[in-house]
Amino acid sequence: MVSFTSLDPPSLSAPAGQAPAGEESAANPTSSHFESLEAVAKAIEACTCSLCKERTKPVMGEGNPEAEVMLIGEAPGFNEDKQGRPFVGAAGQFLDELLASIGLKRTDVFITNMVHARPPGNRDPLPEELDASWPYLKAQIELVAPKLIVTLGRHSKGKFLPDTDSISRIHGQAFKRKNPADEVDSPADRQPHSASGFDGAQWYVALYHPAAGLHKQELKETIIKDFQTIKKVLTVVRAESLVLSQIENRKTQSVS
Ligand code: URA
């Protein structure tokens, strides 16, 4: 059974170390600087953070720029670092199979990571590295405006669903809460972003990282089952979009 849970929004405030409003610099970008995914990609390419100094290729994220679903993993690994693309190793192959199991292809969704360069030796990204990448990720969320964010693994779940139970309890559940794209960078940005869904909120589904399923058959089966939640949430968001467009149509008709 899928459980849909509504929670109070967590604080997704600007990370520690990020410049306060009005004091941003190229090294300390805020997401409001980016007008396109290409601009985000260029900034990631030019990034000189500690992780980027060690990478072979940056891994910007890829997929449908208008995707309904954004999948957010942890960090590029060995293969991703070589190719400059997310999820191209064994975990990526499993991810492709999972997407196919719900009738989706890579080109239907947008896939990105919490950090955009490989941590040396595949270690966990450090808090300051997660903070340094956040403006780029936030900009991707704003620009793609997904209806559903799927967190893959610990770091991604920790950012978007920090106050929920552990992944072992909440995997495969859907949550609805504040859209991180609505988080303001400066007073001038105090406009709700169009990414906001039906009631100004964003859908989330937290999943185990696909790599975890490569080592344990039991987890693999759990992840396959949990992927069905994505399909169910998509049915809901499409119904919500339909209702919203009908409300908009009525408003337009009553004005004219
Ligand atoms: N694991 C991740 O979290 N991201 C990738 O891009 C590849 C493996």
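Within the range 224-256, take every residue that is within 18 Å of the chain's Cα centre (by Cα) and of a type in the set (A, V, I, L, M) and give me the one that is farthest from Leu98 (Cα to Cα). Only one residue tops the list, namely Val237.
Residues considered: Leu99, Leu126, Leu71. Of these, the only one that is more than 18 Å from Lys159 (Cα to Cα) and either more than 10 Å from the ligand (Cβ to nearest atom) or hydrophobic (A, V, I, L, M, F, W, C) (or both) is Leu99. In summary, helices (runs of 4 or more DSSP H) completely within the range 152-256 and bearing 1 or more residues that are modelled with pLDDT under 90 occur at 217-255.
Of these, Thr107, Thr112, Thr56, which one is among the polar types (S, T, N, Q) and buried (at least 20 other Cβ atoms within 10 Å of the Cβ)? I'd like the intermediate steps shown before the answer.
Working: Thr107 fails: buried (at least 20 other Cβ atoms within 10 Å of the Cβ); Thr56 fails: buried (at least 20 other Cβ atoms within 10 Å of the Cβ).
The conditions single out Thr112.
In the range 75-85, is there at least one residue being more than 11 Å from the ligand (Cβ to nearest atom), over 21 Å from Leu148 (Cα atoms) and either in contact (Cβ under 8 Å) with a residue 24 or more places away in the chain or not hydrophobic (A, V, I, L, M, F, W, C) (or both)? Yes, the range 75-85 contains a residue that is more than 11 Å from the ligand (Cβ to nearest atom), over 21 Å from Leu148 (Cα atoms) and either in contact (Cβ under 8 Å) with a residue 24 or more places away in the chain or not hydrophobic (A, V, I, L, M, F, W, C) (or both). The set of residues in the range 112-123 that are of a type in the set (D, E, K, R) and either within 11 Å of the ligand (Cβ to nearest atom) or part of a helix (DSSP H, G or I) (or both) contains only Arg118.
The values are calculated or read from the model by the stated rules, or taken from the named source; none is laboratory data. A quick note: this is a predicted structure, and the numbers were derived from the prediction, not measured. FYI the Cβ positions are ideal-geometry reconstructions off the backbone, even for glycines, and counts take in every protein chain you see.
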